[in-house]
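K.L.:
Here it is, the structure in full.
The values are calculated or read from the model by the stated rules, or taken from the named source; none is laboratory data. It should be emphasised that the depicted structure is a prediction, and the values quoted were computed from it without experimental measurement. With ideal geometry, Cβ positions are generated from the backbone for all residues, glycine too; neighbour counts draw on all protein chains shown. Calculation scope for accessible area: heavy atoms of the full protein, side chains included, ligands and nucleic acids excluded. Shrake-Rupley method; radii C 1.70, N 1.55, O 1.52, S 1.80 Å.
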Amino acid sequence: MSTELKNHTVEKIGGTTMSRLDELLDPLFKVSNPKYDRIFVVSAFGGITNLLLEHKKSGEAGVYAEFANETQEHGWMGALNRVDRAMREAHEKLLEHKGDRQEADDFVRDRIEGARNCLIDLHRLCSYGHFRLSTHMAETRELLSGLGEAHSAFVTALLLKRHGVNARFVDLSGWRDDRVMTLDERIADGLDSVDFATEMPIVTGYAQCAEGLMNKFDRGYSEVTFSQIAASTKAREAIIHKEFHLSSADPKLVGEDNVRKLGHTNYDVADQLSNMGMEAIHPTAAKALRQTEVPLRVTNAFEPEDPGTLIDDQEAEKGVAEIVCGLDVFALELFEQDMVGVKGYDAKTLDILTRHSLRIVSKTSNANTITHYVDAPLDSMRQVQSELTEIYPSSEVDVRQTAIVSVIGRDLRGLHVLERGLGCLREEGIDVISAHQTTRTVDAQFVVHRDDRDKCVKTLHDQFMGKGNASPKLVA
């Protein structure tokens with residue numbers, strides 16, 4: 001690196017926030033008086049990664065899914081054309097100068113056509129019997145993933161330069177680079193010639209490396225890149241900019257007058273949030289920051305004067321419930337009367353769920369029943385049900401729609417969360433299917449019917465956070 005980093009921050013901007021980049025020029029980037037010694041790691045513009053891979057929630061096929069499954073002849077080409085249009089629409093909304101738009105158009109054309117030619121060549125190669133497309137799909141997914149972040153970082157640098165900031169596009173995606181590097185080597189190589197005192201690096205959230213970010217972390221790769229940069233450069237602070245504050249619940253469910261900003265929590269709580277599908281940060285990313293003692297701050301990008309929520313390794317001074325959240329899951333129940341004293345039932349179930357790449361949120365068991373609560377599509381759960389029934393023909397395997405609502409805090413000791421939670425839910429007429437709390441006392445989970453999820457969140461939030469205690473910044 002051309003200058004040593006001193007007292008710097010590494011800051012990440014998520015996809016939906018990136019799509020409002022023009023609103024962040026002064027609040028976040030301080031274009032009227034640029035402040036350097038800041039490294040920005042950016043996600044793709046909102047929706048682009050869904051088009052490149054597959055929709056994160058609905059599973060709708062993107063370029064990768066079309067190419068991998070060959071759902072229709074050359075269907076992936078149409079999907080790639082949709083990415084091309086979406087990328088151009090994204091930067092046309094942000095770039096006003098004709099020259100900048102032309103540069104961005106040229107960049108998109110180079111990357112999209114390069115990817116198209118690569119996939120055509122790969123398809124042609126695999127038409128011979130000696131080569132199998134399936135053996136190249138991991139690398140294909142990596143290639144496609146990097147297109148979104150490369151585009152957004154390039155456009156961000158253009159926009160900032162147009163407003164007087166000495167921004168520098170740092171491409172870690174490995175485009176047309178035949179060198180084999182680890183993640184740390186790729187980061188060091190990308191930042192090597194940056195003058196941090198006078199330049200503001202805009203870094204791609206995807207980094208091509210020998211480890212294979214997509215293979216290991218799938219859609220959490222940008223946070224892993226972000227955390228590794230913060231850890232390896234010994235940042236003063238790692239900051240994630242979102243469109244909202246990290247708060248005690250969804251304001252739409254509990255009311256804006258009741259929700260409150262967390263302000264301060266720890267990595268233990270962040271892990272529980274990740275488990276509930278509400279990632280403050282990817283668990284692997286959190287591990288890198290925690291081990292190098294780099295504190296994480298989650299802010300609302302559109303309220304720069306607010307310090308947001310600090311996440312570190314500090315324990316709570318007293319028992320406190322900090323957040324209530326819910327997640328739709330399927331309850332996979334395996335009942336076998338002869339299970340008592342026999343090993344292997346749980347292992348077989350875990351093996352099948354792992355093979356289908358399905359995420360287990362929680363599980364409970366007794367003498368003859370094991371229930372896994374799984375975050376997965378229904379068709380995948382039906383396949384698991386069929387396979388388990390075939391392995392254990394005398395068992396009863398049921399799949400039903402449920403939801404988990406979790407009360408989370410750094411230390412719930414002394415709050416009697418299960419007792420009070422069950423009591424208030426009973427008063428509201430909410431049927432609790434199951435409830436449990438581990439000895440770690442950082443969360444308590446209530447399994448309810450899916451239709452009761454939102455009502456359950458509000459009821460538990462009112463019980464443990466009270467009403468009318470909103471943080472001023474969270475009130476509309």
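K.L.:
Around S227, what is the net charge, scoring Lys/Arg as +1 and Asp/Glu as -1 over all other residues with Cβ under 9 Å from its Cβ? Mind dumping the intermediate values first?
P.N.:
Values: positive: K12, K287; negative: E223.
Local charge sum for S227: +1.
K.L.:
Quick one: pull the percent of accessible area on region 334-452 belonging to carbon and sulfur, 1.4 Å probe, ligands and nucleic acids left out. Could you put the intermediate results ahead of the total?
P.N.:
Details: 2890 of 6270 Å².
Result for region 334-452: 46 percent of the exposed heavy-atom area is carbon or sulfur.
K.L.:
Taking only the alpha-carbon positions of region 113-169 and ignoring solvent, what does the Debye formula give for the base-10 log of I(q)/I(0) at q = 0.13, 0.16, 0.28, 0.31 Å⁻¹?
P.N.:
-0.50, -0.61, -1.06, -1.16
K.L.:
Quick one: net charge of G308's neighbours, Cβ under 9 Å, K/R +1, D/E -1?
P.N.:
So the environment of G308 carries a net charge of +1.
K.L.:
Turning to a different aspect of this structure: Please report the carbon-and-sulfur percent of the accessible area for region 95-253; probe 1.4 Å, protein heavy atoms only, DNA, RNA and ligands left out. All intermediate terms of the calculation are to be shown ahead of the outcome.
P.N.:
Details: 3470 of 6950 Å².
Of all accessible area on region 95-253, carbon and sulfur atoms account for 50 percent.
K.L.:
On average, how much accessible surface per residue is there in region 1-52, in Å², for a 1.4 Å probe, leaving out ligands, DNA and RNA? Intermediate values should be presented prior to the final figure.
P.N.:
Details: 2050 Å² over 52 residues.
The answer is 39 Å² per residue.
K.L.:
Next question. What size of dipole, in debye to the nearest 20, comes out for the chain about its Cα centre when the only charges are +1 on Lys and Arg C-beta atoms and -1 on Asp and Glu C-beta atoms? Before the final figure, lay out the partial values.
P.N.:
On the way: 56 positive and 76 negative charges, 90 e Å.
Roughly 440 debye, rounded to the nearest 20.
K.L.:
Another question about this same structure. In Å², what does the accessible area per residue of region 171-298 work out to with a 1.4 Å probe? The partial results should precede the final answer.
P.N.:
Details: 4930 Å² over 128 residues.
I get 39 Å² per residue for region 171-298.
K.L.:
Ranked highest first by average number of other Cβ atoms within 10 Å, how do 339-348, 404-413 line up?
P.N.:
Working: 339-348: 12.0, 404-413: 23.8.
Averaged packing, sorted descending, gives the order 404-413, 339-348.
K.L.:
When only Cα pairs under 8 Å and 6 or more residues apart are kept, what is the percent relative contact order across the chain? All intermediate terms of the calculation are to be shown ahead of the outcome.
P.N.:
Values: 892 pairs, mean separation 70.6, N = 476.
Once normalised by length, the contact order is 15 percent.
K.L.:
Same structure, new question: Would you check the accessible area of C126, probe 1.4 Å, heavy atoms only, in square angstrom rounded to 10?
P.N.:
Estimated to the nearest 10 Å², C126 gives 30 Å².
K.L.:
What percent antiparallel are the DSSP beta bridges of region 221-359, to the nearest 5? Show your work: numbers first, answer last.
P.N.:
Working: 4 of 12 bridges.
Expressed as a percentage, antiparallel bridges in region 221-359 total about 35.
K.L.:
Below 11 angstrom from the Cβ of K458, what's the summed charge of the other residues (Lys, Arg +1; Asp, Glu -1)?
P.N.:
Working: positive: K252, R453, K455, K467; negative: D250, E428, D452, D454, D462.
Result for the local shell: -1.
K.L.:
Measure off 7 Å from each Cα along the Cα-to-Cβ vector at A210 and D328, then give the distance between these two points in nanometres to one decimal.
P.N.:
In this crude label model, A210 to D328 measures out at 4.3 nm.
K.L.:
When DSSP beta bridges are limited to those with both residues in the chain, what percentage is antiparallel, rounded to the nearest 5?
P.N.:
Values: 43 of 68 bridges.
Counting only bridges with both partners in the chain, antiparallel ones make up about 65 percent.
K.L.:
Based on a Kirkwood Rh over C-alpha pairs, give the Stokes-Einstein translational diffusion coefficient of region 22-106 at 10 °C and viscosity 1.306 mPa s in µm²/s.
P.N.:
105 µm²/s
K.L.:
Another question, then. Calculate I(q)/I(0) for region 302-403 by the Debye formula, one identical point scatterer on each C-alpha and no solvent, and give its log10 at q = 0.10 Å⁻¹ to two decimals.
P.N.:
Values returned for q = 0.10 Å⁻¹ are -0.42.
K.L.:
I would also like to ask the following. At 0.890 mPa s and 25 °C, plugging the Kirkwood radius over alpha-carbon pairs of the chain into Stokes-Einstein gives what diffusion coefficient in µm²/s? Before the final figure, lay out each step's value.
P.N.:
On the way: Rh = 24.3 Å.
Calculated translational D: 101 µm²/s.
K.L.:
Equivalent-ellipsoid semi-axes (√(5λ), Cα gyration tensor) for region 212-350, whole Å, largest first?
P.N.:
Details: eigenvalues 204, 96, 43 Å².
Taking √(5λ) for each eigenvalue gives 32, 22, 15 Å, largest first.
K.L.:
At what distance in angstrom do the alpha carbon centres of region 285-343 and region 80-120 lie from each other?
P.N.:
If we compute the Cα centre of each part, the gap is 37 Å.
K.L.:
Let me ask something else about it. If we sort 85-93, 151-159, 263-271 on the protection proxy, mean other Cβ atoms within 10 Å, highest first, what's the order?
P.N.:
Values: 85-93: 17.7, 151-159: 25.3, 263-271: 21.0.
With the highest mean Cβ count within 10 Å placed first, the list reads 151-159, 263-271, 85-93.
K.L.:
Next question. Which whole-angstrom value gives the distance between the alpha carbon centres of region 390-429 and region 156-210?
P.N.:
With region 390-429 and region 156-210 each reduced to a Cα centre, they are spaced 45 Å.
K.L.:
Now, a different point. At what distance in nm do the modelled label points of E60 and T135 sit from each other, each positioned 7 Å from its Cα along Cα→Cβ?
P.N.:
3.6 nm
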